[in-house]
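The values are calculated or read from the model by the stated rules, or taken from the named source; none is laboratory data. What you see is a predicted model, and the numbers here were worked out from it, not measured in a lab. Every residue, glycine as well, gets a Cβ built from its backbone with ideal geometry; the counts of neighbours run over all protein chains shown.
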Amino acid sequence: MAALRGYSMEHNGYDGSRMQHAEGVLVGLRRCSVDAASGEIDQVSRRHRVDGGRVAQALVRLAQEVEPEADSNATAVARYEWGALLAGGRRS
């Protein structure tokens with residue numbers, strides 16, 4: 001996800017914006033619709049009982065290959081659900 005490398009999460013105080021970026025990550029990786037990506041994030045957050053905005057932010061940070069935040073629960077969820085997909089999309 002080279003296009004996301006320069007983006008700073010500091011500008012993302014609004015959960016809707018976080019969610020849109022995470023949806024974009026899934027659309028790019030899965031080649032699915034925005035609605036499908038949104039539904040997947042929602043299902044994951046419900047299944048793991050972690051706020052969707054936190055899961056979305058963790059997904060974007062993992063896609064950027066930046067240091068995860070202290071939110072270990074959301075990061076663990078994102079790694080569990082999408083880690084293999086993200087690893088498969090990495091280019092050297």
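Points worth noting:
- Among the residues of the range 46-62, those identified as part of a helix (DSSP H, G or I) and surrounded by fewer than 19 Cβ atoms within 10 Å (Cβ to Cβ) are R46, R47, H48.
- For the range 27-45, the set of residues classified as assigned to a helix (DSSP H, G or I) and hydrophobic (A, V, I, L, M, F, W, C) consists of V27, L29, V34, A36, A37, I41, V44, listed by residue number.
- Among the residues making up the range 58-78, those that are aliphatic (A, V, I, L, M), under 17 Å from S45 (Cα atoms) and in contact with a helix residue (DSSP H, G or I) (Cβ under 8 Å, 6 or more places away or on another chain) are A58, L59, V60, L62, A74, V77, A78.
- Residue pairs meeting the criteria (Cβ under 6 Å; at least 6 apart or on separate chains; first assigned to a helix (DSSP H, G or I), in the range 63-91; second at pLDDT below 90 and not charged (D, E, K, R)): A63/M1; A63/L4; Q64/L4; T75/P68
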